[in-house]
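Everything on this sheet refers to the single structure shown next.
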Amino acid sequence: MRTIVLASETDFTGWKTAVRRLRIAGVEPASARFVTAGSVQDGLFDVDGAAGAVPADDAFVVPRAFMETAGDLILHRAPDRFDLMYRLLWRLRDEPDLMRVVSDPDVAAAAERVKNVHRAAHKMKAFVRFRETRDADGERWVAWFEPAHRVLEKTAPFFARRFSTMQWSILTPDGTAHWDGDALTFGPPGRQDEAPQEDEVEDFWRTYYASTFNPARLRTRMMQSEMPKRYWKNLPEASLIPGLVASAATRTEVMVSEPSPPPNEKFQRLRAPTVDRSSTDDLVAADPADLERGLQNCRRCPLWRDATQGVCGQGPREARLMIVGEQPGDHEDLAGQPFVGPAGQVLDAALAEAGIDRSGVYLTNAVKHFKHEPRGKRRLHKTPNAGEVQACRWWLDQERRLVKPRLILALGATAGLAVLARKPSIMTERGAVIDTPDGARALLTLHPAFVLRMPDLEERRRARMALVEDLRMARTEAGLT
Ligand code: URA
C-alpha cells in the first residue's frame, strides 16, 4: 500500500503531483491511500510525500472535464473523495471518454458530489452575513460561516469582487479568508467566538427579510430547501421565520381583503417599457415650456431610466444664437439646467471673453438625459451613441422649430452629429458656416469639456482660444450686438 500525504484537505496541487507519479509507477487505485498532513501518525503508514517533480516525458494528458470535476470534488467533505478521483484518473487511460458516461457509477458519484459542492458555494454566497468590528487598521467586517463543504477558497474571490471597498474576514472551521481592499489572503481555521455576534446591521437584515416575505407565496418545503436549517443559526433574519410562517395564513387573508396599496413609483419606473417612441406623439409644443414638461415623460431611448430628470434647453424663445452641447453632466442632471457644472464654467468664461451675454442665448444639448455608469459613489459620463442622438433629435428639432435661431453653434462631435445629421470633423470643419439640411446655418467648435481635459497647460490655453475665437465668429454670424 502506498500512502500519499497531502498538505491539506484541499491540496489539489499536491494531489495532482502525487497521482501523476502513482499513475506512471503503475500503482493501482486499490493500492493507494491518501491522507492529510494533520492525520498522519509516525510509523503508522508507508508514507510517500505528495511533492516531487514528475519527469516531463513521463507526464500524460487528462481531459479538461476531469480536471474541472476533480478541482471541485476535492472540496467535498467525503473522506473517500481522493480515492474516487484517483480511480477516475486511472480509468481514463483506457476509457478516454469516461467523463461523458453519466451512467457510470464513479462518474455519477463524482457528478453528485460536485453538485453538492456547487450548492454549498452558492449557499455560502447567499448566507454569509458580515458584522462590523474595528481593528488596528480601522473598520473590518467579519463573518462566521460553516459551509457544508470546503468552499471557502472557491467563493472568497466572489466576496472580494462584491465587497471590494470593505475590509473583511470570513472565518470558517476549515480556514479563514481576509480581504484588505487589495489582496486576498487565507489563514488557519477560525472560531465562532472570534466573530462578533450581533450588531445594528442585524436589524437591517430582519427588516429587509420581513419586507420581502410574501405570506401568500409561502412554500415551507421549498423555503427550507433554499435556506436550509443548518444555516439559520448565523442568519439574523432566521429568527423571524417561525413567526412569519405561523402568521402567514392570517396575513394572507388580510392581504386579500384589504385594498391594494399604491404602486411603488421606483418599481413602476423600472417595469415600464424602456423605449416607447410614441411617448412624444401627443405633444404639440407651442412654447419651450411645453417641451420642458413633455420631456419628463420621454421614453424615446433608454437613457431616461437612470437619469434624475430630462434637462431641457434654456434661454429666450427669440434667441438669435442657439448653442448645442452634448448631454447634461452630473451637475446638470441634478439641477435640471444645462451647463451649470465645470464645463459650464469654461463656457461662461469663454462667452464673456467673446462678448456674448449668456442670458440672450438659447443653450441646449443634443441628448437630454445624462448617460453615465456608476463607479462607486460617482457617476461617470458616457458618450451617447448615434442611436440615442438620433432618438433625441426629435427634441432638438422642436427647439429649433420654436426658437428659429439665426445660427446654431454645435459644441463637439456629438452636438455636430445632432445638428448636421452626419458625423462631422470638428478640427477640419470649424471656422466655416455650414448650411444644414433644414435651411439653418451652423458652426462647429470644440466642446468646453475637451478644453478642460487637456493635460498640457499650453494646449489647454490654445484650445480655449480656439473656442473663444469660434464664439466671436458665432456672435457676428448670429447678428448679436
Ligand atoms: N456638457 C454638455 O455638453 N452639456 C451640459 O449641459 C453640461 C456639460
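No value in this document is a laboratory result; all are computed from the given coordinates. For clarity, every value in this text was computed on a predicted model and none was experimentally measured. Here the Cβ is made from the backbone with ideal geometry for all residues, glycine too, and neighbour counts use every protein chain on show.
With both bridge residues required to lie in segment 297-435, what share of the DSSP beta bridges run antiparallel, to the nearest 5%? For segment 297-435, the DSSP antiparallel bridge percentage is about 40.
Normalising the average separation of contacting C-alpha pairs (under 8 angstrom, six or more residues apart) by the number of residues puts the relative contact order of segment 261-413 at 28 percent.
Compute the signed sum of charges (Lys and Arg +1, Asp and Glu -1) over the other residues within less than 15 Å, Cβ to Cβ, of ASP94.
Value of the local net charge: 0.
Simple rule: put +1 on each Lys or Arg Cβ and -1 on each Asp or Glu Cβ in the chain, find the dipole, and look at ALA286, LEU452, MET227; the Cα lying farthest toward the positive end is ALA286.
Could you let me know the centre-to-centre spacing of segment 97-163 and segment 7-33, using Cα atoms, in angstrom? Here the two parts' Cα centres lie 24 Å apart. Which of rounded, prolate or oblate describes segment 270-478 when judged by the alpha-carbon gyration tensor and an a/c cut-off of 1.5? Judged from the Cα gyration tensor, segment 270-478 comes out oblate (a/c at least 1.5, b/c at or above a/b). When +1 charges are put on Lys and Arg Cβ atoms and -1 charges on Asp and Glu Cβ atoms, the dipole computed for segment 437-481 relative to its Cα centre reaches about 140 debye. Highest average first, the peptides 184-197, 347-360, 290-303, 246-259 ordered by how many other beta carbon atoms sit within 10 Å of their residues are 290-303, 347-360, 184-197, 246-259.
Across the options LEU407, GLN192, ILE170, the greatest Cα extent toward the positive end of the charge dipole of the chain (unit charges at beta carbon of Lys, Arg, Asp, Glu) belongs to LEU407. Would you mind checking the tilt of helix 12-24 against the longest principal axis of the Cα atoms of the chain, expressed as 0 to 90 degrees and rounded to 10? It works out to around 50 degrees. Taking every C-alpha pair closer than 8 Å and separated by at least 6 residues, the mean separation divided by the residue count of the chain gives a relative contact order of 8 percent.
Which of rounded, prolate or oblate describes segment 67-141 when judged by the alpha-carbon gyration tensor and an a/c cut-off of 1.5? Verdict is prolate for segment 67-141.
Calculated [222 nm] ellipticity per residue, helices only, for the chain: -12000 deg cm²/dmol; basis is -39500 (n - 2.57) per DSSP H run with n ≥ 4, divided by all residues, nearest 500.
Relative to one another, the C-alpha centroids of segment 362-424 and segment 455-469 are positioned 23 Å apart.
Note on the chain: Cα-only Rg and Dmax are 33.4, 102 Å.
Number of Lys pairs in segment 270-478 with C-alpha atoms less than 21 angstrom apart, excluding same-chain neighbours closer than eight positions? If you can, show how the numbers build up before the last one.
Working: LYS368/LYS382; LYS368/LYS404; LYS368/LYS423; LYS371/LYS382; LYS371/LYS423; LYS382/LYS423.
Eligible lysine pairs with Cα atoms under 21 Å apart amount to 6.
Protection proxy ranking, highest mean first, for peptides 384-394, 28-38, 426-436: 384-394, 28-38, 426-436, where packing is the per-residue count of other beta-carbon atoms within 10 Å, averaged.
For LYS123, the lysines whose Cα comes closer than 17 Å to its Cα, not counting residues fewer than 8 places off in the same chain, are LYS115, LYS154, LYS229, LYS233.
Here segment 128-194 is assigned +1 on the Cβ of each Lys and Arg and -1 on the Cβ of each Asp and Glu. Its dipole about the Cα centre then comes out at about 280 debye.
Where Lys and Arg each count +1 and Asp and Glu each count -1, what net charge lies around ARG441 among other residues with Cβ under 15 Å from its Cβ?
Net charge in that neighbourhood comes out at +1.
The dipole here belongs to the chain: it is taken about the Cα centre, uses +1 on the Cβ of Lys and Arg and -1 on the Cβ of Asp and Glu, and is about 1020 debye.
Projecting each Cα onto the charge dipole of the chain (Lys/Arg +1, Asp/Glu -1 at the beta carbon, about the Cα centre), which of PHE158, LEU73, PHE213 comes out farthest on the positive side? Going by the Cα projections, it comes out as PHE213.
Specify whether the C-alpha gyration tensor of segment 128-194 places it in the rounded, prolate or oblate class, a ≥ b ≥ c being the square roots of the eigenvalues: rounded for a/c under 1.5, otherwise prolate if a/b is larger than b/c and oblate if not. Judged from the Cα gyration tensor, segment 128-194 comes out oblate (a/c at least 1.5, b/c at or above a/b). Expressed to the nearest 5 percent, the antiparallel share of DSSP beta bridges inside the chain is 45 percent.
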